[in-house]
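Below: the structure, in structure tokens.
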Ligand SMILES: *[C@@H]1O[C@H](CO)[C@@H](O)[C@H](O)[C@H]1NC(C)=O
Ligand SMILES: *[C@@H]1O[C@H](CO)[C@@H](O)[C@H](O)[C@H]1NC(C)=O
């Protein structure tokens, strides 16, 4: 884990150094959600909306059918498109309940969490006893994260998130965007 983390920071420094000066524009291109266990979680909606050329947002609502949830893990894989989507830089699983108790203990999880925190009701500690809503998360949120905090090279990306409750994979959400 220590080796993996230092490897991560080397990458971080590398990308920050080489790509900070590159002006990037982020565009959401798609959002997809799929329930893998329909007795546990159902998506009421999951869509990308273009209000106009500069304002696009993503909204997701997942109905949780077995409440309360006391044990949840998130698995994130970032992909970059190179003749199909290939895993890129991040592939990690973390215990969401532990993380929410003390977010600063896991920098990588915190990085992903910042995508969603301000636009969702996943902003408190476990247990979860309500549906999960991501409400109108605008693309400039992702833009700030990817171009200011952690600049990435140009390309097409996909973030795949698995929702694992009680050690069973229950749902997958995928966000697609491009950096030009
Ligand atoms: C796009 O829509 C947003 C939200 O309605 C608005 O604030 C913004 O001014 C619009 N931009 C343009 C270029 O029309
Ligand atoms: C992510 O990592 C796990 C554990 O190392 C591995 O089993 C899995 O295949 C990886 N997923 C991808 C998409 O590379």
Point to revise | The lone exception for residue 6 - which of (1) more than 20 Å from the chain's Cα centre (by Cα); (2) modelled with pLDDT under 90; (3) not in a helix (DSSP H, G or I) it fails | key: (3)
Study note, to complete from the structure: Only one of 48, 134 is in contact with a strand residue (DSSP E or B) (Cβ under 7 Å, 6 or more places away or on another chain) and within 16 Å of ligand 1 (Cβ to nearest atom), namely 48
Exercise for review: Filter the stretch 89-100 for residues that are over 14 Å from the mean Cα position of the chain (by Cα) and within 16 Å of ligand 2 (Cβ to nearest atom) and give the result.
Suggested key: 95
Check your understanding: Mind checking which pairs have a first residue in the stretch 156-180 that is at positive phi and a second that is modelled with pLDDT of 90 or more and surrounded by fewer than 20 Cβ atoms within 10 Å (Cβ to Cβ), Cβ under 6 Å, 6 or more apart or different chains?
Key -> 166/71
Check your understanding: So, of the residues in the stretch 46-77 that are surrounded by 18 or more Cβ atoms within 10 Å (Cβ to Cβ) and within 16 Å of ligand 2 (Cβ to nearest atom), which turns out to be farthest from residue 121 (Cα to Cα)?
Key -> 77
Check your understanding: Say we look at the stretch 109-123 and pick out the residues that are in contact (Cβ under 8 Å) with a residue 24 or more places away in the chain and out of contact with any helix residue (DSSP H, G or I) (no Cβ under 7 Å at 6 or more places or on another chain); which of these is nearest to residue 176 (Cα to Cα)?
Key -> 112
Check your understanding: Which residue pairs have Cβ atoms under 7 Å apart, sit 6 or more places apart or on different chains, and have a first residue in the stretch 82-94 that is in contact (Cβ under 8 Å) with a residue 24 or more places away in the chain and a second that is near ligand 2 (Cβ under 9 Å from one of its atoms)?
Key -> 85/79; 88/79; 93/75
Study note, to complete from the structure: Per the filter on the stretch 104-124, residues within 18 Å of residue 62 (Cα to Cα) and surrounded by fewer than 16 Cβ atoms within 10 Å (Cβ to Cβ) are 117, 118, 120, 121, 123, 124
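The values are calculated or read from the model by the stated rules, or taken from the named source; none is laboratory data. The structure presented is a predicted model; accordingly, all values stated were derived computationally and were not measured. In this analysis, Cβ positions are derived from the backbone assuming ideal geometry, glycine residues included, and neighbour counts consider all displayed protein chains.
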